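Structure first, commentary second.
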Amino acid sequence: MLEYLKEKNYSIYYKLLTIAILFGSLLPDFIALIFVILLAVYFLMQPDRRRAITTGRTARAMAVYSVFMLLSAVWAQAKLASIATGVTWICALLVFLLVASMSDSRDRLENIMLCYIGTAALNSAVAIVQMTFMAIGKSEYFPSPIYEKADTLILNLLRYNVFFEETVDRASGCFNSPLALATFLVTAFPLAAFCAFYAKNKKRRILSVIGGAFIFFGIMFTFLRGAAVAVVLSFMMLSFAGRKPAKFMSGSALVVAVILLAVLFERRGVAASEDLSTNYRFELWKVCFAAFREHPILGLGAGSSNVNEYLLSKGVEFSHAHNLIIEVITEGGIIGALIFASFAVVIISDILYLSRKHGWYKKYTIAFLSSLTGLMAMSIFESTLSTVKEIIYFAVILGCIAAIKRVYKRNEAKLVKKSQAEISAAGEETK
């Protein structure tokens, strides 16, 4: 998967970017964020690299949302949480720019996809080990979340409060909760299926199949019903990538969902439909809407810590809204919701633009659309963009979509120029 690291036609910056994507999700959240900042600073220090960065509507929309998140510290109760969230979104913007600028060919884009699949597979391997220790009653030797103590130590030094979900029967991998891990793996699973069919050589296709198998077990060990639904929807979307895998994708989605639900039922039983994660969400959302009515214009401030503090003050022990849209309006109010909506419209318009093109552009766009479909499905019952790694890897997906658009426009311009040159040559011959 990383054979290109030995090739000279790939810059050191691109190689560092792929290494960051591959191993970033395995680090504690704040260390991963520092890793991203150092990579971006190193890249931007080079004048020739700065000139290579291209911005677009998505970058501008992300920049506006990032600045709003940062400024919300002015009126937020948990000011440090808002600053941290704003900084995270700014780092995500940097990741977006790096991916969009350096993935200037189909081959480089595919390398990014394979690194994304690889880091999901590695997280799944950690989740499998976590479940193994849980099964033998020794979960304390390989805890879930794995970095809870390290993150707590760092955050205590920063005087930053964060809510960790204690899990004794579900895997979190290197993420801070099973929900966050499942969300990440759901976005990677359709990419693995796509590359299993469309990767440029057999070796990459085999690695994608192996990665997909690990990701499947990682999703299974989070024991989330929503993940089964998200897999079905993302694979159904992926079936539009081409005729060849269409039926396989649909059938695979159904089989995977049935297995996930069967394992969930066996593990957690009928009581799983009666636990807090189901029945109390509606009550939780009522409290969040009450917060919105109290702070309708600017919201409580960016960061789930603001929402968490409000919920705790009302006697509700949840870390966040457990719904992306409700979280957005609770944190950002009407202004934040409008900025986020404009951000979403820009992303959708780029996807619609590329989905009407022919060739590999459409196929790869649908692959990333399937990832976003899974993300949106998970967002119904989870605040999916509330942690560092979720936001950073969301930016990677958006950067890949922007890269496809950039490559298409560049190739289209070359074809137009070539056509004009041929017409001009033909005119000269006529004379």
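The values are calculated or read from the model by the stated rules, or taken from the named source; none is laboratory data. If you're wondering where the values come from, they're calculated on a predicted model, not measured in any experiment. All Cβ positions, even for glycine, are placed from backbone atoms using ideal geometry, and neighbour counts span all protein chains on display.
Quick check, is GLY299 modelled with pLDDT of 90 or more, surrounded by 14 or more Cβ atoms within 10 Å (Cβ to Cβ) and either part of a helix (DSSP H, G or I) or polar (S, T, N, Q) (or both)? No: the conditions fail for GLY299. Restricting attention to segment 270-296 and to residues that are part of a loop (DSSP other than H, G, I, E, B) and at pLDDT below 90, the residue that is farthest from ARG225 (Cα to Cα) turns out to be TYR280. Restricting attention to segment 168-195, the residues being without any contact (Cβ under 8 Å) to a residue 60 or more places away in the chain and in a helix (DSSP H, G or I) number 3. State all residues of segment 183-217 that are farther than 15 Å from LEU114 by Cα and either modelled with pLDDT under 95 or surrounded by fewer than 24 Cβ atoms within 10 Å (Cβ to Cβ) (or both); if no residue qualifies, say none. Hits for segment 183-217 are PHE216, PHE217. Note on segment 364-395: residues that are within 17 Å of SER103 (Cβ to Cβ) and touching a Gly at 6+ places or on another chain (Cβ under 6 Å) total 0. Within segment 139-150, does at least one residue satisfy the condition of being on the phi > 0 side of the Ramachandran plot, surrounded by fewer than 24 Cβ atoms within 10 Å (Cβ to Cβ) and either part of a loop (DSSP other than H, G, I, E, B) or of a type in the set (Ser, Thr, Tyr) (or both)? No, segment 139-150 contains no residue that is on the phi > 0 side of the Ramachandran plot, surrounded by fewer than 24 Cβ atoms within 10 Å (Cβ to Cβ) and either part of a loop (DSSP other than H, G, I, E, B) or of a type in the set (Ser, Thr, Tyr) (or both).
Being at pLDDT below 85, in a helix (DSSP H, G or I) and more than 27 Å from VAL129 (Cβ to Cβ), is that true of even one residue in segment 255-269? The answer is no, given that none of the residues of segment 255-269 is at pLDDT below 85, in a helix (DSSP H, G or I) and more than 27 Å from VAL129 (Cβ to Cβ). Taken over segment 99-143, the criterion of being of a type in the set (Val, Ile, Thr), more than 15 Å from THR18 (Cβ to Cβ) and out of contact with any Phe, Trp or Tyr (no Cβ under 7 Å at 6 or more places or on another chain) is satisfied by VAL126, THR132, ILE136. Summed over segment 136-168, the residues that are at pLDDT 70 or above and within 20 Å of ARG225 (Cβ to Cβ) give a count of 1. Look at (1) at pLDDT below 90; (2) hydrophobic (A, V, I, L, M, F, W, C); (3) closer than 23 Å to HIS320 by Cα and you find that VAL41 fails only one, number (3). From the list ALA73, ALA127, ALA171, the one residue that fits, being modelled with pLDDT of 85 or more, more than 30 Å from TYR13 (Cα to Cα) and touching a Lys or Arg at 6+ places or on another chain (Cβ under 6 Å), is ALA73. Please determine whether any residue of segment 363-384 is at pLDDT below 95 and under 13 Å from LEU398 (Cβ atoms). Scanning segment 363-384, I find no residue that is at pLDDT below 95 and under 13 Å from LEU398 (Cβ atoms), so the answer is no.
Rundown of residues vs (1) among the polar types (S, T, N, Q); (2) under 21 Å from ALA180 (Cα atoms), yes/no style:
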site	(1), (2)
PHE292	no, no
ASN306	yes, yes
TYR310	no, no
GLU317	no, yes
ILE335	no, no
LYS363	no, no
LEU375	no, yes
ALA395	no, yes
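Hey, among the residues in segment 302-355 that are of a type in the set (A, V, I, L, M) and in a loop (DSSP other than H, G, I, E, B), which one's modelled with the highest pLDDT? Restricting to residues being of a type in the set (A, V, I, L, M) and in a loop (DSSP other than H, G, I, E, B), the top hit is ALA302.
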